[in-house]
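Right, I'll just put the structure down here and ask away after.
Only the coordinates and a few stated rules stand behind these numbers; no lab work does. Owing to the predicted nature of the structure, the values given are computational and were not obtained by experimental measurement. Cβ placement follows ideal geometry from the backbone for every residue including glycine, while neighbour counts extend to all protein chains displayed.
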Amino acid sequence: MKKHSLTLYIFIGIFLGVFAGWLFGESILPFAEPMAQLFLRLLRMAIMPLIITSILSGVLSVGTGKNLGTLGIRTAIYYIFTSLVAILTGQFLVNVFQPGKGADIGLTGDVSAISAANQSPMELIFRIIPENPFQSMANGDVLPVIFFFILFGFFITKLEDPLRSRFTDIVQASFEAMMKLTHVIIWLAPIGVMGINAKIVATTGFGAFYSLGKYFIVVLMGLFIHTLIVLPLVLKFVGKVKPFKHYRNMLPAYLTAFSTSSSMVALPLTMEYASEASGVSKKISNFFLPIGATINMDGTALYECVATIFIAQAYGVDLSVTQQFTVALTALLASIGAAGIPMAGLVMMSIILHAVGLPLEGVGIIMAVDRILDMFRTTTNVISDSSGVVVVAHLEGESLEPVR
Ligand code: ASP
């Protein structure tokens, strides 16, 4: 079977799932749950070994410290630039449309779990350094694991042969084996997304969309501007590729991100399609994509900014210029610190609210529509990751010949 047909099957899976969830309601859950779990558990099983082998093989093939340095700087510039543009777009829209003025601020959720994340932006940065890399691996804490393996890989490049080449061979072999495994799991995507979407439709209450409609639309508008205008411009003029052809090539990864609300769960697909369909070398994608899935979150950054200003408007608080600046800056940090898992962005909201002195209960206002917004912002995050890898590959002089 061709890969194009996989995209079609995923679309059919989403459609059937939504339809079944709508038609049968909660009685679909006994069928939907196992379908979703089979796919999600297999993907999650692959994530940590895939990240470790991919980062190591990325660092080992990039080679010298100088090359790693340029790749690192280009990657960082792309991440920060696109996230900042996303934040400014959101900030502009929320200030113009003022969705929070007169909004119904009845609290709709329990925010007690969220206050656990009440930490300072500085702590977010320190969390990158693992006190125990093995514990981070076991906890699925990706950022510290990446930090450790970049360092570990770098010092492997400092070894003499044959030690260095032996280690490199083992890493490459493990990575290739993980990709082959991923390849098989990906074929379960249509069944997985069918189960996940049936479950979402069967269990989500859509009533809150009326009271929060304006806020919801402002976030969506921002995400669409970012994915349909800003990123295509970057792809066209900096990456020198046809933006929508690239999007089409990457569709299975985007649809998985949309269905699962997790950049991390979509990562195996993003990696597969970035190299197979968009022709980015493994050298670049192995380095860029696992890091991107954890720290490059344009959709989340935009959402954090809009949501905070929306909450301020709903409470009737006028934010000063300095406070608006603080919102933008902490939104950037929060998007970097948010894990690539469902609702991580909502948890991070408490940090920004704290930073600008708004009540934490504000999170309760936006909770009701978060599940659906998460689907859109996660897709935006993954679109930015895949666009970034193409842009950086082009800047590193790659010719981007698709494998198929
Ligand atoms: N779910 C998002 C992601 O995985 C993070 C967020 O909640 O904003 O990319």
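Relative to the longest principal axis of the C-alpha atoms of the chain, give the angle of the C-alpha long axis of helix 370-395, reported between 0 and 90° and rounded to the nearest 10°.
30 degrees
Let me ask something additional. Report the one residue of LEU358, TRP22, TYR78 whose Cα lies farthest in the direction of the positive end of the charge dipole of the chain (charges on C-beta: Lys and Arg +1, Asp and Glu -1; origin at the Cα centre).
Ranked along the dipole, the leading option is TYR78.
Continuing with this model, one more query. With angles folded into 0 to 90 degrees, how steeply does helix 263-276 sit against the dominant principal axis of the chain? Use alpha carbons for both and round to 10.
The angle comes out near 40 degrees.
Right, something else. Between ALA138 and ILE229, take the C-beta separation as r, use R0 = 51 Å, and let me know the FRET efficiency to the nearest 0.05.
Efficiency at R0 = 51 Å is approximately 0.75.
Count charges around VAL171 for me, please; just the other residues with Cβ under 12 Å from its Cβ, Lys/Arg as +1, Asp/Glu as -1.
Net charge in that neighbourhood comes out at +1.
I've got another one for you. Mind jotting down a quarter of the surface of the convex hull over the alpha carbons of the stretch 266-363, in square nanometres, one decimal?
6.8 nm²
Viscosity 0.890 mPa s, temperature 25 °C: Stokes-Einstein D of the chain from its Kirkwood Cα radius, in µm² per second? Don't jump to the answer; show the numbers that get you there.
Numbers: Rh = 21.6 Å.
In µm²/s, the coefficient rounds to 114.
So what's the back-of-envelope 222 nm ellipticity for the chain, counting only DSSP H runs of four-plus at -39500 (n - 2.57) apiece and dividing by all residues, rounded to 500?
-25000 deg cm²/dmol
Kindly rank 154-164, 338-348, 363-373, 389-399 from highest to lowest mean number of other beta carbons found within 10 Å of each residue. Write out the running numbers ahead of the final one.
Working: 154-164: 11.7, 338-348: 23.2, 363-373: 21.5, 389-399: 19.5.
Highest mean packing first, the order is 338-348, 363-373, 389-399, 154-164.
If I take every Cα pair under 8 Å that is 6 or more residues apart in the chain, average their sequence separation and divide by the length, what percent do I get for the relative contact order?
31 percent
Using Cα atoms only, what is the angle between the long axis of helix 282-295 and the major principal axis of the chain, expressed in degrees (0 to 90) to the nearest 10?
20 degrees
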